[in-house]
Structure formats: C-alpha cells, structure tokens
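Please read the structure below before turning to the comments.
The numbers here are math on the coordinates, done by the rules we state, and not lab data. Predicted model only: the values in this text are computed from it and were never measured. Note: ideal-geometry Cβ built from the backbone for every residue, glycine included; neighbour counts use all protein chains shown.
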Number of protein chains: 2
Amino acid sequence: MSFYRINVSDITVKEEELPKSYQLLGARGLVDSIIASEVDPTCDPLGPKNKMVFATGLFAGTSVPSSSRTSVGTKSPLTGGLKESSAGGPGGLYLGKLGVKAIIIEGAPKDNQWHYLNIDKEGVQLLPAGELIGLGCYDACKKLQRIHGKKSSIFVIGQAGEKKMLAANIAATDKEGVPTRQFGRGGVGAVMGAKHIKAVVINGTDMDYIPALDKELAKKCIKKFAQGLLKNPVSGNALPKYGTAVLVNIINSIGALPTRNFSSGAFEEVSQISGETMTELQIKRGGKVGHACTPGCVIRCSNIYVDKDGSEITGGFEYESVCLLGSNLGIGNLDDIAYLNRLCDDFGLDTIEVGAALGIAMEAGILPFGDVAAAKEAIQSIARGDILGKVLGQGAKITGQVLGINRIPVVKGQAMAAYDPRGIKGMGAIYAVTPMGADHTAGPSCTTFIKAKPEEQVLLAKEYHIKATALDNTGLCRFCSYAVFNDAETFNALLDIIKSYLQIEVTSEDFWNWGKSILQIEMDFNQKAGFTPESNRIPEYMHLEKLSPKWEVFDITNEELDSILEF
Amino acid sequence: MSFYRINVSDITVKEEELPKSYQLLGARGLVDSIIASEVDPTCDPLGPKNKMVFATGLFAGTSVPSSSRTSVGTKSPLTGGLKESSAGGPGGLYLGKLGVKAIIIEGAPKDNQWHYLNIDKEGVQLLPAGELIGLGCYDACKKLQRIHGKKSSIFVIGQAGEKKMLAANIAATDKEGVPTRQFGRGGVGAVMGAKHIKAVVINGTDMDYIPALDKELAKKCIKKFAQGLLKNPVSGNALPKYGTAVLVNIINSIGALPTRNFSSGAFEEVSQISGETMTELQIKRGGKVGHACTPGCVIRCSNIYVDKDGSEITGGFEYESVCLLGSNLGIGNLDDIAYLNRLCDDFGLDTIEVGAALGIAMEAGILPFGDVAAAKEAIQSIARGDILGKVLGQGAKITGQVLGINRIPVVKGQAMAAYDPRGIKGMGAIYAVTPMGADHTAGPSCTTFIKAKPEEQVLLAKEYHIKATALDNTGLCRFCSYAVFNDAETFNALLDIIKSYLQIEVTSEDFWNWGKSILQIEMDFNQKAGFTPESNRIPEYMHLEKLSPKWEVFDITNEELDSILEF
C-alpha cells in the first residue's frame, strides 16, 4: 500500500511507501496521525500551511461488508481543530483495490490554477480542472464521467467549496455515480477549495478484491460478521426498511426533534416527514429504499428519492437532512425537503450546517419559517455568492453573529445535528466533548441514550465516545456499531477479520484502546490550536431556556462533561 | 463615593457604599475588579449574565488636569475577554463631582422596554427611552439636551449599539455637548444595547471641584504636574498643534501606515491627510485645533473639523480614524474621511473596526478602494441593518470570514489600530499580548518603539505594557504618559497628587505594581473564558507576507511574545 503526496504549489505527485508504524491505522486514525505529525495546529486552515488527507480503512478493497468508507482529515476552518469526516460510496473500495492507502494534498496553489486528481491503474495524475470550475457537483460528475468512464467514483466540491465557505462539504458519488454521499462536516470542502482541487476521480471498477492473508479464516469470519449485522434489529431491519429517517418519529416522541431553530423539540407536522411516510411514498412512486451506497454493503440504509413522476430528486436522503432542512425550518413536506437536500448536495453544502444557518435566518426574520420558496432562494444565493449567501455559507455560528441572534446551536463553531441536547442529554454531552465539534456520530447511537436513565447518560457517553472512535479506525460504516458494540460474536468476528487480513492478533482491549489513542491525538492537536475545557460546552441558552414539550434544560454539569475526557 | 447598581430586569436603581478595599482602584482597575468578581467569564457577552460597569478614575471631579476619563468594563462580545475601554469628555468630571464612583448595569431587559439613565444631584433615575430609540448619537444627544439641559454630558449608543453589533461603540459628548469622544473598542456599545440602555445623562455642571484632603500639597503638585505635561514636547507641543494626526507622516515614513487593507505600509497621498495639512486647513477655515475635550485639560489634542464653509463636519478626528477610514481604504481627501468619521460617530461605530472591515470588503471587491461614495453608502448600510451592513457592523474578523478574505488584521477578534505590526514590531507585540485585543493604547507610545532598536522592542513592550496599565488605573489621559513615564519630577508630582487627595502614601513601586495586578485580573478572567497563549498571536499572513515599502514580515517569535506576560 502507498501514500500519494500531491503538492499544489509545484503541481507534483510523489508516491511514498506506507510506514510500517501505520499498519494498524486506517480512516480516522490514519488521517489524524498524518495531520497531527505534519500540520502546525496554529496554522490558518485555509492558508498554505494546512494539508488535507484522504485515507481508507483497514479493509478497503476487500470483500468485508460495509468496510470501505473513506475519511478526510484536515485542520477544520469551521472548528479550528483537527477534523475527520467520512463518506460512503465506492470510492474507498476502489482506492483499496488500487493499493492507495492515503492521498495527502499540500501547498499553496497559484492564482486561477485549478486541478483535479485522476487515480487509476496507471497511477495518480494532476489534470487541469478547466471548465469544471463553477459547476455544481452533479454537472461536474457528469462531465468527469464522460471523460473517465461512467463508473468513475468521484469526490468533488461544488460552488461552496470553490468559494472556501465554511459550510462546504465534499460530495462522494454513490454506486450509481451520483454525488449523494457526503464528507459532510467541518468545512472540509473549503480546504479542498483553498488547495484548488475540484475533484478526485477514482477508477478501480474492474479490479479484484484484495485477498485475505488467511483466506479460510476470512471466509468464515466475514460470513459471521455479515450475519451479525443482519440479525441486529436496527442494522438488519429498521435501517434497510426506513433508512435513517426512521428516527424522525422516535426523536420527535421524546421531544428532541430540532424544530424552528431549536425552539421546540416536537414538530406538529411530523407524520408527513417520518421515515415510515418516506418509505410508503417511495414504494408507491418507484423510488428506492434499502439501497446500498457501496457495492457489498449488507445494511443498505440509503435511498433514492423520486418525485411523483418517478424522477430522482435526491439520494442518501438522511434523517439529519430531513430534520435540519425540515422541522428546523418549519417545513413539513418531504418533496420540498428533498429538493432542498438536492440543492445542498449539488452546491456542495453540508445540510446540517446550512439547515441550522437557515433556521437562525428565519428566527431573525430574514425569511419566514415554513417558506419553501424563500429557503430554496436562500440556498441558491449561497451558490451564487450574494451577500446573504456568503453569510449563510459560513454556517450557523457566523450567521447568528451577523444577524444578531444568540440562540446559536453550535459547539466548537459546528452546528448540532438533529438531536436537541435538552431532549437527549447524553447526545448533548457527546456534542460538547468530542474534538470534532457538535457531532452525532462521535458516541453511541441515539437509541442507546434514549433507553438509558438520566444518571447513566454521562457514563454511556464516556464509554461509547471511546468505542465509536475505535470503530472509526477501521473504515467500517458506523451502522456496524449496533452489532459490534452489543454482540460479542460479531465483535469477535471483526477481530478475526483483522487477523485474517493483517496477520496481527488484536485483543478486545487493544481494539478499544485505539479509541483512546486517536482521541488523544485529536485532543493534543486541539489544545495546541488553542482549545480549552471551555471549548467543550453547550451554548448558554440551552442551559437557561426550557425546551417544549418536555420543558427541560441541558443540565449535565461542566465537571461531568470534563469527566468524559478523563481516560 | 458610591456605586449605583442598575437592574434592567426589574427596572431598579440601588445605591451601595464603595467598599474600602476599592479605595485605590479607579477606571480600568475598578471596572476590571467588579466584572471579574461578578461576571462568569464563560457567559454569553450579550446574554443575561453579563454586566457592564462605568467607573471614574482616582481624581474624577477634582481639578487635577486631564484626569477625568471614564472607563467602561464588560465581557466583550468582540474579543470574548474582559474589556476596558475609556473615553474623554466631561462626563467623568461630573460623575466625580456628583460622588458617583461606578454604575453597574445588570440583568436582562424585557422585550421592547428601553431606558436611559439620568444622573444629577437628586440621584440616579431610569427613564423610558421612548422616541430616542432608532436615533443616531447626534440626534439622541440633541433630544436629551432639550430635556435635561444644554450642558448635559451624555454617554449614548447609536443604531449599531441598539442592533448589538460588535463594532458598536459608546459615544461620549465633548465640552460642547457633541458626541465626538468614544468608548471605542471591543463592541461595548453592543452590551449596552443588549441591556436596552440607550444613554446615560449626567448633569454636574454647576458643582464645585472635589477638594483635596491636603489642599496645600495638592495646589503645589497639581501645578508641577501640569507644568510637566506642558513642557513635554509631545503633550505640550505636537499634540495641541497637530492633534494625534501628527502621526500620519511619522508612521508613513517608517512604512507602517495601514494602506489598502494592510497591503502596504505607505500611502502615496499621505501629504493630503497628514496632521500638518489638517491643522493648516482648519486654521484657514476657522475650525479648531488645540481643543480640549474636557474642561481643565492642558494637553488639548482634540479638534473640531469644519468644511470649507466653516460648518462642523466632525470633532475628535484622530490619527486612527484618518488612517483606518483614509489610507486603509485608499481615500486621500481629509474632508471625505472627516465625513466618514462623522457617520461612524453618529451611528455609534468604532472607526478602527469599521475601517478595517471596509478595507477587507474593498479587497474582496464588494466596493472599490478609494470610492468615497461607496464607503459612505456601506457605512449607512450598517445603520440601516441591510445584510451587507450587518456583516460590516460585526467588524473585521467576521467580515473577512464572510467574504472569504484571510488577510484579516485582528488579534483576539479585534481589529488592529493604525500601525502595521510589520513596520513597528513592538506595537505588534503589544497588539498580540494585551488582554484587550489588538489595542494601540496598551503599551508605550509608538514613538518609543520607533526610536528603539529591533532588539529592544520586546523588552520595551514588556516594561510599558505594565506601566500603561498602571496609568489606566488613575483615569488620567494616556497622553500624560509622555511626561509621567519619562520625567521623574512629573511622576513624583503624580504620587503627591495621590497623597493629597487620598491621604495614602503610594511608592513608585506600588504604583507600577498596579499594572501587574490589573493585568493579572484580566489574564485570569480571559483564561477562564477560554483564552490560551495561542490567543496572543499576530495573524499568520503577517509572518509570511512582506510589507512594502520596507519588505519586512512580523518576526517576533511566540516565545518572545509569551515572555512579555511573565512578570
């Protein structure tokens, strides 16, 4: 396996050997290690000294199911800290098959020189981006697939990333070649824009899976692992059936569904935007539920959402987007929300960050809650770069500051996902402490917190903050966690998978310790960047303002929050 | 002497005795002590838990010359740290005569209830602000002076403060009752807006000076002190003759005059905007130079700037404003700059913060460098609250973030004054380390750095950072520092003034130690608020990008910066 080092100052590509010490690092662990060892934590994230790294997991390119997510790592311009964001889609699978473990992008581009990367069996090339510049992700992918083949997998930025906006994500194409999967958080698209890299094109379609070193063992444990995922009621039933939007009704019922800029935890039109409604509608219209974003995924939580005439509006239409672009804006129609989701995907915008920013703009009276046309126009203004769009495109925090709203649902500058901390307190604790900024994927699943008692929230946050981070080192999809965290057989199968592919014995303790060492890298980086315990807090108003309909405040103490990071 | 505690939640005014332990605290030392003991450093600066304090110096209300500046202290919404900002004008003199040492404003106002404070011999009253809301500072003062008398001294916020904008200052009226003096920095006007206090009206005109306890000694040492100020070549000659704009030519000649968003250190039209030109023009037109902002000031650095027909455009037209609204915007006509200054004073905007923000907007191409009409329109858009105005009104940092410009000349979120750190390095060191954010008044005068060698800059910054802070405890004008810092006779006269008024013997060592203890309060507060040594840094681009015409970068190391705070 190799690294590729791309320098945009002098337009060079260099291949380097994977250091032996990096053997057990993948995905989050690998991007973290590279960024922490090569990037000054105090540097300007959009300046010449920052770098960005794409890296695959431990089993990329193999037939291990749900194992080929790709991570991107960088100093985040949104949070100011070390950031890892990951996406599904077949890109990681192909990178693995091509023997590419990581791509490091560094340097300062010359004015007006934009490039894209093309990666295939011949190696890695930097090519002029030419007419791709200014295109949205959908058009850019079509153009690149005309050049490099229909089956090219692509990581691409839209207008938002080109403009270095802090809400900019990096889109990744799904199995069908459509840019519906996202490296969503932390403004990673802005860093790619600052490096003047429009896209990464990956062609590894017709290549074989990477074989295991112990094929017998691999065959057995992969089977057991897949079975574990399938027999779990969430990853084997709820997710394929309803997608992540299965959470809409659940989170609404506990009073934690962000509604109208986090001013209520329940939405009166919830039945119109639930996962159940979405599935019913899409089965009727001929859309797809139970769709796998990546070949070989057994969970298949994704979807392709079509309009009443059967034409695709969007795909990978997730719970977070349904809420942040729906209930949080007072919008209760799935087709409308799907269209807003499509716009964000096309322009290369994080739906969570943009939804939170729009909620604030609505509270400020810039546009009315529930006004779909105004919301579309506002998102389009981001792509155009009008002044209002420039504000919204910087995300929730700056939007709140500019518009004079101090109900800003962020931690470390990053917008909260679709769980109000007052309604699901353990999730608030995770938002607060994770080095990533308010991030719903940094701990256990929300259902773990929902099932637990109030006094268990902090301990669960502590345990699963570490476990979730350990899992992020593998490149496995987060939705493997239901089985991996709770079912010893599935977990042991995973340890056997490591053994069969890497010929290294990893104990259960070793495995979970990965979480601690990765978190330590991130916390050290962030501390050098200027973070303090005060960075690990929930906004003041959520401690003071009771959330309807349960009328709770966020009441986990600062000392309890700090205790989560003592390990 | 008493405190008044104003609670805007329940609209109450409470008089409290001055604690004995506060006897030697004035101005910066007093506001710092109150804020640090009463405000949670982690609170939302614009939320219910923040407070703001107006306080006078040690000799307020006495006949000690140049001694009646007023300080305001609060947790700054711009920097996030403890902030002290001070202003001249007779307000402090009257507060002293009325026996008011400090006014503490606290609580959370009810929606749409705005008040102003009226302070006179009868005491302190909270009155409904009614029709004052929405007015600029000029009109608000006229209206208040019609009610409370022509000679009322007023602290007032304009539209920017009402809108809680981070570039909002608090204006203070000068001797003539015109709001040309400013509590300029840190967004203190936004906190007053958040408390829904439009103005503080002070009537102490016809009252006697506070007598000294040792009248004989006072008479002698006040005379000696005044003589010291007058025989100093800066406070006795350059400042009364040319005002602070005397610095335009000096700073331009060393290549440190911020020009076109800090992209050059020299301005080709400098001769048109110099202090010498201003004085010549104003003498010809019948304006005023050598104007005292406060009765009893012997330095008289202020001015009243009139147009070619002799009508007043602005007053208190300082070097910082001439540069930030002039050379920094590529504008080389004093009348134009004076008009921009007037707009800022009227709307209640810090000229430094707004000038820096406009420079960034010009670099971003939102308006052209040198376009006066566009600059006027942009400042007017702040008062109106248009989207562009909402951005600019938040100051330089947010303007840069929104417009995607990463050449942002700020420290701790506050814009740099009119000295580019690359051209005058000691000043850069002061910008970096002072708990106040980039602040030119936190160390020695710029001329001290200009006269010194490169290797002396850090040590001078260290010594005078403490000395300047000590002086800020007295309520004396900063321009006393030329004589106080450099002339033993004047300094000893000052110690005798303390003795004659407070009957406390203060040694030279005691006096300078005030600086250390005040800085310690500020640093402790800021640390609890989340500041780290990384907060004490000059922006990356100033380390990398050479400044014409001397082609220097800012090269004081982080270790040297840190050493300034070791005392």
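Where the only charges are on Cβ atoms (+1 Lys, Arg; -1 Asp, Glu), what is the dipole of the protein assembly as shown about its Cα centre, to the nearest 20 debye?
720
Under 20 Å Cα to Cα from A:Lys224, which aspartates and glutamates show up? Leave out anything in the same chain fewer than 8 places away.
Qualifying aspartates and glutamates at Cα under 20 Å: A:Asp214, A:Glu216, A:Asp487, A:Glu489, A:Asp496, A:Glu505.
Pull out a ≥ b ≥ c, the square roots of the eigenvalues of the alpha-carbon gyration tensor of chain B, then state rounded if a/c is under 1.5, prolate if not and a/b is larger than b/c, and oblate in the remaining case.
Verdict is rounded for chain B.
May I ask you to derive the FRET efficiency for A:Lys219 and A:Glu122 from their Cβ-Cβ distance with R0 = 35 Å, giving the value to the nearest 0.05?
Calculated transfer efficiency: 0.65.
For the pair B:Thr12 and A:Glu377, what calculated FRET efficiency results from E = 1/(1 + (r/R0)^6), where r is the Cβ-Cβ distance and R0 = 41 Å, to the nearest 0.05?
Efficiency, from the Cβ-Cβ distance: 0.30.
When the helix-only estimate is applied to the protein assembly as shown (DSSP H runs of n ≥ 4, each -39,500 (n - 2.57), divided by the residue count), what is the mean residue ellipticity at 222 nm, nearest 500 deg cm²/dmol?
After summing the helix terms and dividing by residue count, I get -11500 deg cm²/dmol.
When B:Arg407, A:Arg28, A:Arg422 are ordered from fewest to most other Cβ atoms inside 10 Å of their Cβ, what list results?
Starting with the residue having the fewest Cβ neighbours, the order is B:Arg407, A:Arg422, A:Arg28.
Which residues among region B:378-397 fall inside the zone where the amide N is under 16 Å from a point 7 Å beyond the Cα of A:Ala364, along Cα→Cβ?
Within reach of a label on A:Ala364, which here means backbone N under 16 Å from a point 7 Å along Cα→Cβ, region B:378-397 contributes B:381-397.
B:Asp555 to A:Ser21: FRET efficiency via 1/(1 + (r/R0)^6), r the Cβ-Cβ distance, R0 41 Å, to the nearest 0.05?
FRET efficiency, B:Asp555 to A:Ser21: 0.70.
Once both labels are modelled 7 Å past Cα along the beta-carbon direction, what's the A:Lys451-A:Glu176 spacing in nm?
3.4
Lysine pairs in region A:394-490 with alpha-carbon atoms under 25 Å apart, 8 or more places apart or on different chains: how many are there?
Pairs that pass both the separation and distance tests number 13.
Classify region A:2-202 from the C-alpha gyration tensor, please: rounded if a/c falls under 1.5, else prolate or oblate depending on whether a/b exceeds b/c.
In terms of gyration-tensor shape, rounded.
Please give every one of the lysines within straight-line cross-link reach of A:Lys308, meaning a C-alpha to C-alpha distance under 22 Å, and leave out same-chain neighbours fewer than 8 residues apart.
Cross-link targets: A:Lys241, A:Lys284, A:Lys288, A:Lys376.
Reachable lysines from B:Lys143, Cα under 16 Å, same-chain residues fewer than 8 places away excluded?
B:Lys151, B:Lys198
Under a plain spin-label model, where a point goes 7 Å from the Cα along Cα-to-Cβ, how far apart in nm are B:Lys110 and A:Asp139?
For the pair B:Lys110/A:Asp139, the computed spacing is 5.5 nm.
Between B:Asn513 and B:Arg146, what is the label-to-label distance in nm when each label sits 7 Å out along the Cα-to-Cβ direction?
5.5
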